[in-house]
Amino acid sequence: MTAIDVSHSGLAAARAAFRTCRFTGLKVDIAAQRLIMANAVAAVVFLAVGGLMGLLVALTRWPAVHLLPSEWFYLVLTGHGANVLLFWIIFFEIAILYFASAVLLGSRIATPKIAWAAFVLMVAGAIMTNVAVFQGDSSVMFTSYPPMQASPHFYLGLIIFAVGALIGVGIFFATLVVAHGERTYEGSIPLVTFGALTAAIIAVFTLASGAIILVPTWLWSLGLVAEIDPLMYKVVWWGMGHSSQQINVAAHVSVWYAIGALTIGAKPLSEKVSRTAFLLYILFLQLASAHHLLADPGMSATWKIVNTSYLMYLAVLGSLIHGLTVPGALEAAQRRNGYTKGAFEWLRKAPWGNPAFSGMFLSLVMFGFIGGISGVVLGTEQLNLLMHNTIYVPGHFHGTVVAGTTLAFMAMTYYVLPLIFQRDVIWPKLARWQPYLFGMGAGGISLFMMGAGTLGVPRRHWDITLTDAMHPFDLPSGGFLMMGLNGLAAVIAAAGGILYILITVGTVLWGKRLDKGEAPLTFPLHKQAATVAEYGSHATVKLPGTIILVSVFFLSFVLYYFVNWKYLSEIWLLR
Amino acid sequence: MDDRPESEPRQERVPAMQQLLDNPFLLLFIGITIPTILYIVWGVMEIASIPVAP
């Protein structure tokens, strides 16, 4: 690893102030703690804005409600995408990167002043883009495909945000160098930090792709560039648009491992196997971006199939490995904790009343069954024709980003609050229910949108009844039913989201202080929670419950995959 | 016969895969290079090679 200037690092190390967490025993750099808090607060603010916009979108797409006029619908849809798919997620991920580097490695954070500058850039960029959206002349939706043109400050805001985030990712790498140089850990970095490293590597590709395409698009909006080729834009933009969701995958898998360690003392079944799965992400996960271009005639079948099938499946293999090793690590830990009866006592007696655990487990199940399986189906060139540009696509990514990532990050918040903000979670009874409420809503949104998309309901469409259209088109009545159920599920998810915001903000402002006195945590940590910052494997394969669960998952995967091929064969026009 | 002094600790050989996984900057390099070549460069070359309509 790169050497660091000893004299400078000695000075910086001497200036760094630390506290020791009385719950985990981890050494926490105060500068890193403040940065984690700032990024987490910003994340929650943008989640509140974007989540509210999401509810308005769902209530407009509910045919019986049809809340907003078309101009407002596209404005709100644009803001929803930017606020939740970029700002909420990436602010929280920067917080995770600082936690996984400085806190888990017991190191000072590198260049905290530059980290604050990065934070200011991200906030300024996010606000600038929101201003452009609310001014009403940038309703180009999240993808902002040319020739649709937004205001210059819409693109500039995104560029400034991306530059800030890229600096934040650079500080994560610099902190790894500092920790290695100052020998704050021995051997390999912990698995959770390795997962964060995977997210950081994908983030560099993502943010660089965004800058490469958004800078000329910004110049085009200023009239300094004559034309942006729509297909060129689409290819490079999806290098950012889809890969940003792959940062999420790596980050929330790390969160699953972290919460397993914190709540029940879980250790990875095998460090080597889990790290190899993350390596498959590093190598191949970004290539899934190509599945947005599977219906574009300009790209060759070879480019499409090599990217989305042959190589992307190696990244899917990585997810399948985590799908075995995460529940396997939980089962192994629970059996070590004494829950050894039958195949499922470990699961029945898991801490379901702890919102961190329940949120993590629901995220794991729904990401795999809904987001994961549908992603493989969408990534298959032939099957993609069944639902390309239908509302099945948002159904898929709400399964990954909302039911998967957002729920995992919400779950992690229940430990960020006491361990970083040093405030005990308020309203514990409501907090216990929050992941179930949000998870039920998010799962419903995903499934009902996928169902509607399978019946042909288009995505991004303000009026699926096609009122006053020259060529009327009747969708199946089931499609309308699915959109109504989607609206109901969105209301449930919004209730869970509002509860999360209230609990989070209330805890930060009024939660019982944990930095003074000896008060215990409302949601206690496992006595071996410190394993989150250690390297080591549980090394067991006696996991009957996990084998049964994984078999059910695999059977569902195979069945759904082949049902779609059967469906395709029935509507295929070329007989 | 090993002629090193007894006090010198024997260096255990680190497997190549472990060396790769322990090197964040090598991982960063390959994690950027592979998608850049397979997705971006290849994709842009395909678009650039589409004939212009007469």
Checklist entry - Could you give the nm distance between label points at residue A:66 and residue A:381, where each point is 7 Å from its Cα heading toward the beta carbon? => result 4.0 nm
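Provide the FRET efficiency to the nearest 0.05 for the residue A:300-residue A:518 pair, computing r from the beta carbons and using R0 = 56 Å. Don't skip to the answer; put the middle values down first.
Working: r = 66 Å, r/R0 = 1.18.
About 0.25, to the nearest 0.05.
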Checklist outcome for this item: Per-residue accessible area, 1.4 Å probe, largest first, puts A:299, A:128, A:148 in the order A:148, A:128, A:299
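Are there any chymotrypsin sites (Phe, Trp or Tyr not before Pro) in region A:457-487 that are in a DSSP loop and have at most 10 other Cβ atoms within 10 Å? List them by number.
Values: sites: A:462, A:473, A:480; in loops: A:462, A:473.
Of the chymotrypsin sites (Phe, Trp or Tyr not before Pro), the ones in loops of region A:457-487 whose Cβ has at most 10 other Cβ atoms within 10 Å are A:473.
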Item to check | Computed helical MRE - 222 nm, chain A, DSSP H runs ≥ 4 contributing -39500 (n - 2.57), nearest 500 | outcome: -21000 deg cm²/dmol
Checklist entry - Using a Förster distance of 45 Å, how high is the FRET efficiency between residue A:534 and residue A:113, based on the Cβ-Cβ distance and rounded to 0.05? => result 0.90
Checklist entry - Using a 1.4 Å probe, how large is the accessible area of residue A:137, given in Å² and rounded to the nearest 10? => result 90 Å²
Checklist entry - Looking at region A:287-344, which trypsin sites (Lys or Arg not before Pro) are in a loop (DSSP not H, G, I, E or B) and have at most 12 other Cβ atoms within 10 Å? => result A:341
Checklist entry - If you take the accessible area of B alone, add that of A alone, and subtract the area of the pair, what total do you get in Å², probe 1.4 Å, to the nearest 100? => result 2600 Å²
Checklist outcome for this item: Cα-only Rg/Rh for region A:24-571 with Kirkwood Rh rounds to 0.95
Item to check | Computed label-point distance, nm, for sites residue A:340 and residue A:568 using a 7 Å Cα→Cβ extension | outcome: 4.8 nm
Next on the checklist: At most 12 other C-beta atoms within 10 Å and a DSSP loop state: those are the exposed GluC sites (Glu not before Pro) I care about. Give me the longest piece of chain A that has none.
Outcome noted: A:228-517
Item to check | Cα gyration tensor category, rounded, prolate or oblate, for region A:184-236 with a/c compared to 1.5 | outcome: prolate
Checklist entry - Pairing the Cα long axis of helix A:271-284 with the longest principal axis of chain A, what angle in degrees results, from 0 to 90 and rounded to the nearest 10? => result 30 degrees
Item to check | Label-point gap, in nm, between residue A:222 and residue A:352 - each point 7 angstrom along Cα→Cβ | outcome: 5.8 nm
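In percent, what relative contact order does chain A have, based on Cα pairs under 8 Å that are 6 or more apart in sequence? Spell out each step's value before the answer.
Working: 974 pairs, mean separation 93.1, N = 575.
Computed over chain A, the figure is 16 percent.
Go through A:267/A:341; A:113/A:267; A:349/A:429; A:27/A:542 and tell me which ones have a Cα-Cα distance over 28 Å in this structure. Display every interim value, and only then the final one.
Working: A:267/A:341 21 Å; A:113/A:267 35 Å; A:349/A:429 19 Å; A:27/A:542 35 Å.
Going by Cα-Cα distance, A:113/A:267; A:27/A:542 fall outside the 28 Å limit.
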Checklist outcome for this item: FRET efficiency for residue A:19 and residue B:12 from the Cβ-Cβ distance with R0 = 35 Å, rounded to 0.05, comes out at 0.45
Item to check | Distance from region A:220-268 to region A:423-465 (C-alpha centre basis), Å | outcome: 21 Å
Checklist entry - What is the distance in Å between the Cα centres of region A:88-148 and region A:516-544? => result 31 Å
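Any chance you could list the semi-axes, whole Å, largest first, of the equivalent ellipsoid that the Cα gyration tensor gives for region A:341-465, using √(5λ)?
Working: eigenvalues 214, 60, 29 Å².
Each semi-axis is the square root of five times an eigenvalue, giving 33, 17, 12 Å.
The values are calculated or read from the model by the stated rules, or taken from the named source; none is laboratory data. Bear in mind the structure is a predicted one, so any value in this text is a computation, not a measurement. As a convention, Cβ positions derive from the backbone with ideal geometry for all residues, glycine included, and neighbour counts pool all protein chains shown. For the accessible areas, the whole protein counts, side chains as well, though only heavy atoms, and no ligand, DNA or RNA atoms are used. Shrake-Rupley method; radii C 1.70, N 1.55, O 1.52, S 1.80 Å.
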